[in-house]
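The values are calculated or read from the model by the stated rules, or taken from the named source; none is laboratory data. If you're wondering where the values come from, they're calculated on a predicted model, not measured in any experiment. So basically every Cβ, Gly included, is an ideal-geometry build from the backbone, and we count neighbours across all protein chains shown. Accessible surface areas use protein heavy atoms only, side chains included; no ligands, DNA or RNA. Shrake-Rupley method; radii C 1.70, N 1.55, O 1.52, S 1.80 Å.
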Amino acid sequence: MYDKSVELDGFDRKILAALAQDGRITITDLARQVGLSKTPCQVRLKRLIDTGVILGFRAITDAAKLGLDHVAFAEVKLSDTREKALEEFNAGVRRIPEVEECHMIASSFDYLLKVRTADIRRYRIVLGEKISSLPHVASTSTFVAMETVKER
């Protein structure tokens with residue numbers, strides 16, 4: 001486990017901002033962009049990774065080109081919200097590849113899921129066979145995104 005309150009200075013923040021824009025930037029270009037020489041930049045980058053500030057690197061894909069441009073948000077209400085029930089739900093939802101995000105919410109429902117599928121038919125199957133079958137799910141409600149205006 002790592003300390004959640006890692007001290008970041010201006011150089012660290014510049015490194016993070018540059019990597020957020022281009023995760024494939026070379027260390028030489030990164031160092032130049034943030035105003036450091038190569039070795040100190042590498043040391044800082046390694047520290048950001050080792051302390052868990054940087055969790056990983058991944059490719060950002062075009063969902064439409066992959067045929068996955070149907071986005072729905074599912075509200076999920078649980079029948080039991082004791083810690084063991086939450087852990088069981090969390091473990092189950094992590095195994096559903098179509099669920100891109102899952103957030104516990106302080107509201108009249110318990111979780112908000114972002115689900116990406118090829119179309120509404122596939123979403124219906126994911127909802128009915130996977131999400132509704134998760135431990136302790138009492139009810140769901142779906143909101144279909146008509147257009148994505150901003151997405152990270």
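Tabulated data
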item: 222 nm mean residue ellipticity, helices alone, for the chain (DSSP H n ≥ 4; -39,500 (n - 2.57); rounded to 500); result: -10000 deg cm²/dmol
item: Of K77, K130, K38, the one that fluctuates the most in a GNM where the chain has Cα springs shorter than 10 Å; result: K38
item: Rounded to whole Hz, the Karplus (6.51, -1.76, 1.60) HN-Hα couplings of region 98-103, x for glycine and proline; result: 6, 7, 7, 9, 9, 10
item: Calculated P(r) tail over 19 Å for region 48-152, as whole % of Cα pairs; result: 48
item: Percent accessible area from carbon and sulfur atoms, the chain, protein chains only, probe 1.4 Å; result: 53
item: Chymotrypsin sites (Phe, Trp or Tyr not before Pro), loop per DSSP, at most 14 other Cβ atoms within 10 Å - longest free stretch of the chain; result: 58-152
item: Under-5 Å amide H pairs with D110, H placed in peptide plane, nonlocal only; result: V76, K77, L78
item: Relative contact order (percent, whole number), region 5-152, Cα cutoff 8 Å, 6+ residue spacing; result: 24
item: Whole-Hz ³J(HN,Hα) from phi, Karplus 6.51 cos²θ - 1.76 cosθ + 1.60, for region 120-130, glycine and proline x; result: 5, 4, 5, 4, 4, 5, 4, 5, x, 9, 10
item: Under DSSP loop assignment and at most 12 Cβ neighbours within 10 Å, longest GluC sites (Glu not before Pro)-free interval of the chain; result: 8-146
item: Accessible area expressed per residue, the chain, with surrounding protein chains retained (probe 1.4 Å, Å²); result: 70
item: Net charge, A145 excluded, C-beta distance under 15 Å - Lys, Arg +1, Asp, Glu -1; result: -3
item: Anisotropy class of region 1-92 from Cα gyration tensor, a/c 1.5 cut; result: oblate
